[in-house]
Amino acid sequence: MKIVASILFCLFIIPSFSQTNISSFEKYPVFPECAAVEIDQLENCFNNTLQSFVYSNFVVPEVVSSENYKGTLAVFFEINKEGSFRVILVDAVYEELKEEANRVFGLLPKIQPATYNAKPAYVQFTLSLNIPLEAPVPVEIESKITSETQPDEVVLNEYDNIEKLPYENEEYTSQINIPLSHHNYSLFDPALNRIGQNNHTAQKPYVYAEVNRYYNFEAENDKILKNKTSWFGRKFWNEHMVTIKGKDYWITLDPGVDLQVGKDTDADIDTYNNTRLVYTQGGIGKNFNFFAVIYESQGRFADYFNRFAEARRPDGGNPAIIPGRGIAKEFKTDSYDYPIATGHISYSPSKTFNFQLGHGKNFIGDGYRSLLLSDNSSPYPFFKVNTTFWKLKYTNTWMSLRDVRSAVTADGSFRTKYIANHYLSYNITKRLNIGLFESVIWQNDNDRGFDFNYLNPIIFYRAIEFSTGSRGGNAIIGLSSKFKFTDKVNAYGQLIIDEFSSSDISGGNGSYKNKIGYQLGAKYYDAFSVDGLYLQAEYNRVRPYTYSHNTVVLNYGHNNQSLAHTLGANFSEFIGIARYQKGRIFGDAKVVVAKRGFEFNTPEDMNFYGGSIYGTEDDRISDNGNDLAQGNTTDFLHAELQAGYLLNPATNLKIYASVIFRDFKPELNTDNVFENQTTWVNFGIRTDLFNWYYDF
């Protein structure tokens, strides 16, 4: 009786083939009948030929048939490097079945062996036969790794056989955040703001993949690549320093600097900044990406900048907090040492969701400033979820912040507070976008820790604030909008409401509860038909006491810096910006004119006028009659001009020169607020990965 089974093949690849599947073989074992078959069809040909041979030669023993046995027979065999079949083990109930399996496999001819890395290699299979037997139905042989010891020729070449692939600018299609840089963002802002696009531009930082749909990073960089053939020439002018890429991963690694030398001519201070950094980014699989930077910095700045940093010194003896950076310790006798590390991991399981965990900054808005959330403060830990579908993009962010003032330090430790916010962006039409913002701040009082009430991403935080105690949290709401007049002109705005009391807002009596601010702005791309010329005008106005709170820890700040507008509150401000880049040459010009209101902080007047977000409303000057820029009214002018050359577009390495003119005229000179003028000339080379703000 000559019957063969319907065969289920399970292929076990020995370790010499590494941890890959059968499709990774360079060549499958080849029967003579398969010699003319194309290489990608060898697997099917091998399967069908083996099945046919076994079917033609296997004879079920009489004792198995007479006892009406139903079961399986498993044959574990190998094809060695010479192409010979050898049975290793037969698993069967009947000894006669084992003998028959050995007989049939002994009839198999020598064939061409499998190859790996262009060399003959061992391969092992398990063949299972169902009994009683049926005519074969060819199926594919699956691969599986065995745990047997690999041959020395494979083990000893394992390092050399690691797969190496060329780096192909994978970062541009990744889920990595594009480092926040106003000038760099202005390069692709026109591409993101054309009429008819269903994207969302307020939630920043952007990830490369969402921008690359509209602005081809690789193509734009190719336009300015230098023709360099040497390794040093390519790495300095065009490429990342180190690139590593395999089948399912890629990594870049770069050194960087932020070296500045300059002079504050009015205060006669020689200024400098000496930052060395290293940053890496990469991807693992299709959906997981990472980015990290480590900075080691020392610096001395213009007089007004140093005084601003020292006025925000933390409790514990450190002399300053460098604006936008972090806590600094003393370096030599007149400088600061301020190390910092930032980074994030980004995971996108689908086009709809993106999850980020990091230590860095976020920004909400289309303007130069933001009244909702800006990158003005020091970096902080955060967890963010972006959800994009239909005409919506919904961003939830949870942050852990610090209040480092002596007045609130407990047991030598800085006070911890938390923020949860959500921002919903909706494209109403192809021209009009609106955004809804809500945020709540709470402190770690009564061992409250992170309040899980605020994990709900779609609730109204104001209701939660009342349920946990009105003084236990500080809720802020906001509105943003953008309208595209043409592909080259758009207008934007924001409204922030810190104390929602309609009667106080509309009453017109100057209530301290009328804590609102607004922003109006416009952008003009390729202005006056000049390619690459970017113009922006912006007006910001924030009333006294906005962002502060009667529970002083619940202010809208972190590390003694505002989380929103750089100037805090109690001011009006106009900003004009021009940016231009052609090839690798770039330039920026900026003018800021503001009227600001400070506290006097003198023995005669210690009242709180609403300028500092860290003041307590319990010390306010009055319930009503509060007006903009009240207190120590100050006229403020900041003008800044910068020009430079982009050395390497892959790493954003730039060389530049800048000059800043600053005029500060308060109504009354005090210890911390007094009339001064600054002319600050600066030269530098920097890897542009974050925004420096000097206009405060």
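Among the residues of region 597-638, those that are among the charged types (D, E, K, R) and crowded, with 16+ Cβ neighbours inside 10 Å comprise Glu599, Glu617, Arg620.
Whether any residue in region 33-55 is touching a Pro at 6+ places or on another chain (Cβ under 7 Å), of a type in the set (Gly, Ala, Ser) and closer than 30 Å to Glu163 by Cα is what I want to check. No, region 33-55 contains no residue that is touching a Pro at 6+ places or on another chain (Cβ under 7 Å), of a type in the set (Gly, Ala, Ser) and closer than 30 Å to Glu163 by Cα.
Screening region 430-442 for residues that are of a type outside the set (A, V, I, L, M, F, W, C) and crowded, with 22+ Cβ neighbours inside 10 Å and picking the one that is farthest from Thr395 (Cα to Cα) gives Asn433.
Determine whether Thr633 is assigned to a strand (DSSP E or B) and touching a Pro at 6+ places or on another chain (Cβ under 9 Å).
Answer is yes for this residue.
When you scan region 107-114, do you find a residue that is of a type in the set (Val, Ile, Thr), closer than 30 Å to Asp160 by Cβ, under 54 Å from the mean Cα position of the chain (by Cα) and at pLDDT 85 or above, even just one? Checked region 107-114: at least one residue is of a type in the set (Val, Ile, Thr), closer than 30 Å to Asp160 by Cβ, under 54 Å from the mean Cα position of the chain (by Cα) and at pLDDT 85 or above.
Table: residues versus (1) at negative phi; (2) of a type in the set (Lys, Arg); (3) not in a loop (DSSP other than H, G, I, E, B).
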| residue | (1), (2), (3) |
| --- | --- |
| Gly625 | no, no, no |
| Leu637 | yes, no, yes |
| Val659 | yes, no, yes |
| Phe664 | yes, no, yes |
| Leu668 | yes, no, no |
| Thr679 | yes, no, yes |
| Phe683 | yes, no, yes |
| Leu689 | yes, no, no |
| Phe696 | yes, no, no |
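One residue alone among Asn427, Asn446 is loosely packed, with under 15 Cβ neighbours inside 10 Å and either modelled with pLDDT of 95 or more or of a type outside the set (D, E, K, R) (or both), and that residue is Asn446. Taking Lys351 as the residue in question, decide whether it is in a strand (DSSP E or B) and without any contact (Cβ under 8 Å) to a residue 40 or more places away in the chain. For Lys351, the condition - in a strand (DSSP E or B) and without any contact (Cβ under 8 Å) to a residue 40 or more places away in the chain - is not met. Please find, among Gly299, Gly282, the residue that is under 17 Å from Pro179 (Cα atoms), within 29 Å of the chain's Cα centre (by Cα) and either free of Cβ contacts under 8 Å to residues at least 12 places away in the same chain or crowded, with 21+ Cβ neighbours inside 10 Å (or both). So the residue among Gly299, Gly282 that is under 17 Å from Pro179 (Cα atoms), within 29 Å of the chain's Cα centre (by Cα) and either free of Cβ contacts under 8 Å to residues at least 12 places away in the same chain or crowded, with 21+ Cβ neighbours inside 10 Å (or both) is Gly282. Of everything listed in (1) in contact with a Phe, Trp or Tyr (Cβ under 6 Å, 6 or more places away or on another chain); (2) under 29 Å from Arg276 (Cβ atoms); (3) in contact (Cβ under 8 Å) with a residue 60 or more places away in the chain; (4) not small (Gly, Ala, Ser), the single unmet condition for Pro190 is (2). Scanning region 226-249 for residues being within 19 Å of Asp688 (Cβ to Cβ), assigned to a loop (DSSP other than H, G, I, E, B) and in contact (Cβ under 8 Å) with a residue 60 or more places away in the chain gives a total of 4.
Okay, residues lined up against (1) farther than 21 Å from Leu535 by Cβ; (2) surrounded by 17 or more Cβ atoms within 10 Å (Cβ to Cβ):
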position	(1), (2)
Tyr167	yes, no
Leu192	no, yes
Lys204	no, yes
Val207	yes, yes
Glu210	yes, yes
Ser230	yes, no
Phe236	yes, no
Tyr249	yes, no
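When you look at Ile459, is it at pLDDT below 70 and either surrounded by 16 or more Cβ atoms within 10 Å (Cβ to Cβ) or assigned to a loop (DSSP other than H, G, I, E, B) (or both), yes or no? So Ile459 passes the test.
Of the residues making up region 658-689, those that are buried (at least 21 other Cβ atoms within 10 Å of the Cβ), of a type in the set (A, V, I, L, M, F, W, C) and at pLDDT 95 or above are Ile660, Trp680. Just one residue in the set Lys70, Lys119, Lys144 is among the basic types (Lys, Arg), more than 58 Å from the chain's Cα centre (by Cα) and at pLDDT below 85; that residue is Lys70. Remark: Pro339 matches the filter, which requires a residue to be within 27 Å of Ile178 (Cα to Cα) and surrounded by fewer than 21 Cβ atoms within 10 Å (Cβ to Cβ). Quick check on my filter: what residues within region 534-553 are of a type in the set (A, V, I, L, M, F, W, C) and buried (at least 24 other Cβ atoms within 10 Å of the Cβ)? Listed by number, the list holds a single entry, Val542.
Taking region 197-214 as the range and being within 15 Å of Ser348 (Cβ to Cβ), assigned to a loop (DSSP other than H, G, I, E, B) and of a type in the set (Ser, Thr, Tyr) as the test, only Tyr206 passes. Among the residues of region 674-696, the one identified as of a type in the set (D, E, K, R), in contact (Cβ under 8 Å) with a residue 12 or more places away in the chain and farther than 21 Å from Thr651 by Cα is Asp695. Taken over region 593-618, residues that are among the charged types (D, E, K, R), over 41 Å from the mean Cα position of the chain (by Cα) and outside any loop (DSSP other than H, G, I, E, B) amount to 1.
The values are calculated or read from the model by the stated rules, or taken from the named source; none is laboratory data. Owing to the predicted nature of the structure, the values given are computational and were not obtained by experimental measurement. Cβ sites come from the backbone with ideal geometry, for glycine too, and all protein chains shown count toward neighbours.
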